[in-house]
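Here the structure comes first, spelled out in structure tokens, and everything after it is commentary.
Every read-out reported here was derived from the displayed coordinates using simple, explicitly stated rules and does not represent laboratory data. Because the structure is predicted, anything quoted here is derived from the model rather than measured. Note that each Cβ is placed from the backbone with ideal geometry, even for glycine, and that neighbours are counted across all protein chains shown.
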């Protein structure tokens, strides 16, 4: 039986058809990029103070494939019941969870005893990761300040390797790999590779950070070449750099606002570590100065980057950009929250629409 279409039905049908057509046009306009999962690192929106349930909902809203919750506090309770509930929520939202925490080097200036000894911290993270279904547990050594400690960064690498080896059996039993980040200028890419090789590639890999790459005066593409074959997790952002009288100024940006050629970067990523998601950790703000032309700058380094000239060529293509400064008081907190979300969402939109990353339309 055929019923006459009234005006309301006609308008509703037209709206649905228009929405469908718009979605198809957007999908058709999207570039045919490499099939790489796209996700976020919760540190990018740290000002929001969200816990895991809110973070999972936010990642789903952005149509991400993955979510790295890079600190244990954001998970709330670490008992298995809560972790299984979070895993269920993520599974239902189509989000793959990755778990992380901070320093596992007991002699690092950044190490905290919140989770016990370094080995206890690592074993806890392995259990949490296994229960959440995370294939890795992301950790760090420390920061560039550790280069100034007794024995330098090589001593801190040795201490970290000792912790990793002590927990090797636990990692293998859990089926979880430990992802060490090139963090806050602590290690050059070759130093992190030495750490991974010394600990054992069977259970240790890299969490590559393109922003921290430029803090060691390396071209992010060179760092990908070195660490890509051992990369198992990521926390990425774009970089801007420009020349100063005694060195360089470096400022982190949203993807597409900096110097990284994301098409080339993603294409090489697809060759070196195609199963690893690209997860975005925007930390945009103000510049950091690196007076590397001064001899004393290198006092705590074994050697300069072999490809410093490539960093300098990258830097000379850069330009000074405005720094973000939040106003004081409650308005400042709101401005910071709005800024962090805008920078992260700009990155996700750029990488999806311009580079073709992500598996979800």
- Kirkwood Rh in Å, taken over the chain so that all alpha-carbon pairs contribute: 21.6
- Gain upon complete extension [residue 79, residue 57; 0.36 nm per residue less C-alpha separation]: 5.8 nm
- Given the options 227, 141, 272, state which has the largest fluctuation in a GNM of the chain using a 10 Å cut-off (strictly under) for Cα springs. 272
- Message: Step by step: find N for region 37-155, compute 2.2 N^0.38 Å, then divide the Cα radius of gyration by it. What's the final number?
- Response: 1.13
- Item | Compactness relative to 2.2 N^0.38 Å, alpha carbon Rg of region 251-309 | 1.51
- Could you line up 66, 282 from fewest to most neighbouring Cβ atoms inside 10 Å? 66, 282
- Query: Rounded if a/c is under 1.5, else prolate if a/b beats b/c, else oblate: with a ≥ b ≥ c from the C-alpha gyration tensor eigenvalues square-rooted, which is region 40-88?
  - Reply: oblate
- Query: Over the chain, what relative contact order in percent results from Cα pairs under 8 Å that are six or more residues apart?
  - Reply: 20
- Item | At R0 = 35 Å, FRET efficiency that the Cβ-Cβ distance of residue 148 and residue 325 yields, to 0.05 | 0.75
- Message: Over the chain, with a Gaussian network built from C-alpha contacts below 10 Å, which listed residue (115, 102, 252) shows the highest mean-square fluctuation?
- Response: 115
- Query: When the Cα centres of region 194-238 and region 105-152 are compared, how far apart do they sit, in Å?
  - Reply: 17
- Message: How much length would be gained if the chain were fully extended between residue 112 and residue 313, taking 0.36 nm per residue of separation minus their Cα-Cα distance, in nm to one decimal?
- Response: 68.5 nm
- region 46-100 and region 244-278: distance between their alpha carbon centers, rounded to Å: 26
- Task: Quickly estimate the mean residue ellipticity at 222 nm for the chain, helices only: each DSSP H run with n ≥ 4 gives -39500 (n - 2.57), and the total goes over all residues, rounded to 500.
- Result: -13500 deg cm²/dmol
- Starting from the Cα gyration tensor of region 280-361, take the square roots of the eigenvalues, sort them a ≥ b ≥ c, and report rounded, prolate or oblate (rounded when a/c is under 1.5, otherwise prolate if a/b is larger than b/c, else oblate). oblate
- Rounded, prolate or oblate: which one fits region 155-242, using the alpha carbon gyration tensor with axes a ≥ b ≥ c (rounded when a/c is under 1.5, else prolate when a/b beats b/c, else oblate)? prolate
